[in-house]
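Enquirer: Sharing a structure here in structure tokens format.
The values are calculated or read from the model by the stated rules, or taken from the named source; none is laboratory data. Everything numeric in this text was worked out from a predicted model, so none of it was measured. Cβ sites come from the backbone with ideal geometry, for glycine too, and all protein chains shown count toward neighbours. SASA here: full protein model, heavy atoms, side chains in, ligands and nucleic acids out. Shrake-Rupley method; radii C 1.70, N 1.55, O 1.52, S 1.80 Å.
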Amino acid sequence: MKLASLKTGGRDGTLVVVSRDLRRAIPVPEVATTLQAALDNWSDAEPRLASVYKELNEGAVEGEITFDEKTVASPLPRAYHWVDGSAYVNHVELVRKARGAEMPESFWHDPLVYQGGSDAFLGPRDDIPVPSDEFGIDMEAETAVITDDVPMGCTSAEAAQHIKLLMLVNDVSLRGLIPGELAKGFGFYQSKPSSAFSPVAITPDELGDAWREGTIHRPLRTELNGKLFGEPECGVDMTFNFLQLIEHVSKTRQLGAGTIIGSGTVSNYDRSRGSSCIAEKRMLETIESGSPSTPFMSYGDRVRIEMRDSDGNNIFGSIDQKIVRP
């Protein structure tokens, strides 16, 4: 099943069911007006939404509309809880190596996460406003899950039943601001502006056997200004899968329905796959030649993030954004 939120009906959008080929959609006010409302009552809403999805894929449905990715917000235009991980620890290791620092051994068995701003996500085709292009503007291509209500102390063995939807993410970072913020010992804030998510959120069954072991087993493609930047495999070198991340973040708190958990920048040890963020490429250049040569993004630059199935079909739709002045 594929779901999206039109930029109508208020801050939380209008929930629509989208056809598998991303060409048609239909509002479902009789089930739920917003995706958050559906998640709040998922046991009742899910089978009804699935029935509409089946009918939509089988042929024309009364009230359907043409699906246009430019007209949608992120599937959850705002969320009660957005927590992003750094599950590809080889990426973290590379960051530290580039600046000559050792990585604590604990990073291999204790996940890194931070809680980000979730009150105003960008849409997948929205421009990215940044006050200055001297802040070190970077994309971070990631995957994410949306959960239902997760109890405190949920184990990884129990976590799979709580994953209801999957998305792609552009977790924008302002690299020039990060060192100063982290030096204060209190985490990210100004260096992490609004993130954007894929046009549609999908149920895990849409991926078939490409969803297993708590992660997506497909390459995630990132283009910068129309050129391939990286296409690493999401299911390779993911030190902590989503089941483990859910166990970690629910250790001392319950998670409300609609919680979004991100994977962190997708990264492979096989560097021929390219990178999912500019910082990683700059690190590799620094290690190889002593200094980086790839610049961070500036006004007018465009990033595109998408994932395709084995037949070349776009699964989530495309995040396609341009850096602009506010």
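Enquirer: Looking at segment 247-257, which of the residues that are part of a loop (DSSP other than H, G, I, E, B) and not hydroxyl-bearing (S, T, Y) is surrounded by the most Cβ atoms within 10 Å (Cβ to Cβ)?
Expert: By that ranking, first place goes to A257.
Enquirer: Also, quick follow-up: Would a scan of segment 230-242 turn up a residue that is without any contact (Cβ under 8 Å) to a residue 40 or more places away in the chain, of a type in the set (G, A, S) and in contact with a helix residue (DSSP H, G or I) (Cβ under 9 Å, 6 or more places away or on another chain)?
Expert: yes
Enquirer: Now for a separate question. Conditions: (1) closer than 25 Å to A101 by Cβ; (2) within 18 Å of the chain's Cα centre (by Cα); (3) in contact (Cβ under 8 Å) with a residue 60 or more places away in the chain. T286 meets all but one. Number of the miss?
Expert: Answer for T286: the failing condition is (2).
Enquirer: Here's something else I'd like to know. Could you list, in sequence order, all residues of segment 212-230 that are over 13 Å from the mean Cα position of the chain (by Cα), open to solvent by less than 30 Å² (accessible area, probe 1.4 Å) and more than 30 Å from G176 (Cβ to Cβ)?
Expert: Within segment 212-230, just G214 meets the criteria.
Enquirer: Related question: Residues in segment 201-212: is at least one under 29 Å from R24 (Cα atoms) and among the basic types (K, R)?
Expert: yes
Enquirer: Now a separate question. For segment 1-28, how many residues are open to solvent by less than 60 Å² (accessible area, probe 1.4 Å), in a loop (DSSP other than H, G, I, E, B), within 15 Å of G63 (Cβ to Cβ) and not aliphatic (A, V, I, L, M)?
Expert: 1
Enquirer: How many residues, within segment 263-276, are more than 13 Å from the chain's Cα centre (by Cα) and either assigned to a loop (DSSP other than H, G, I, E, B) or hydroxyl-bearing (S, T, Y) (or both)?
Expert: Here the count works out to 6.
Enquirer: Right, here's the next one. Restricting segment 231-242 to residues that are touching a strand residue (DSSP E or B) at 6+ places or on another chain (Cβ under 9 Å) and farther than 30 Å from D301 by Cα, which is surrounded by the most Cβ atoms within 10 Å (Cβ to Cβ)?
Expert: So, considering only residues that are touching a strand residue (DSSP E or B) at 6+ places or on another chain (Cβ under 9 Å) and farther than 30 Å from D301 by Cα, the one surrounded by the most Cβ atoms within 10 Å (Cβ to Cβ) is F242.
Enquirer: Return the only residue of I323, I260 being β-branched (V, I, T), surrounded by 20 or more Cβ atoms within 10 Å (Cβ to Cβ), more than 17 Å from the chain's Cα centre (by Cα) and modelled with pLDDT of 95 or more.
Expert: Just one listed residue meets the conditions, I323.
Enquirer: While we're on this one: Tally time: how many residues in segment 32-67 are under 24 Å from G258 (Cα atoms), assigned to a loop (DSSP other than H, G, I, E, B) and open to solvent by 50 Å² or more (accessible area, probe 1.4 Å)?
Expert: Count: 2.
Enquirer: Out of (1) open to solvent by 60 Å² or more (accessible area, probe 1.4 Å); (2) modelled with pLDDT of 95 or more, the odd one out for I278 is which?
Expert: (1)
Enquirer: So which strands (runs of 3 or more DSSP E) stay within segment 68-152 end to end and still have 1 or more residues that are among the small types (G, A, S) and open to solvent by less than 20 Å² (accessible area, probe 1.4 Å)?
Expert: 82-85, 141-147
Enquirer: Could you tell me which numbered condition S156 fails, if it satisfies all but one of (1) closer than 19 Å to V72 by Cβ; (2) of a type in the set (S, T, Y); (3) over 17 Å from the mean Cα position of the chain (by Cα)?
Expert: Going through (1) closer than 19 Å to V72 by Cβ; (2) of a type in the set (S, T, Y); (3) over 17 Å from the mean Cα position of the chain (by Cα) one by one, S156 breaks only (1).
Enquirer: With respect to I163, is the statement that it is open to solvent by 10 Å² or more (accessible area, probe 1.4 Å) and touching a Pro at 6+ places or on another chain (Cβ under 9 Å) true?
Expert: When the stated conditions are applied, I163 passes them.
Enquirer: Could you tell me how many of the residues in segment 179-211 are closer than 27 Å to P292 by Cβ, in contact with a helix residue (DSSP H, G or I) (Cβ under 9 Å, 6 or more places away or on another chain) and either crowded, with 18+ Cβ neighbours inside 10 Å or small (G, A, S) (or both)?
Expert: Of the residues in segment 179-211, 3 are closer than 27 Å to P292 by Cβ, in contact with a helix residue (DSSP H, G or I) (Cβ under 9 Å, 6 or more places away or on another chain) and either crowded, with 18+ Cβ neighbours inside 10 Å or small (G, A, S) (or both).
Enquirer: I've got another one for you. Test each condition in (1) of a type outside the set (K, R); (2) free of Cβ contacts under 8 Å to residues at least 12 places away in the same chain; (3) open to solvent by less than 50 Å² (accessible area, probe 1.4 Å) for S267 and report the one that comes out false.
Expert: Status for S267: all satisfied but (2).
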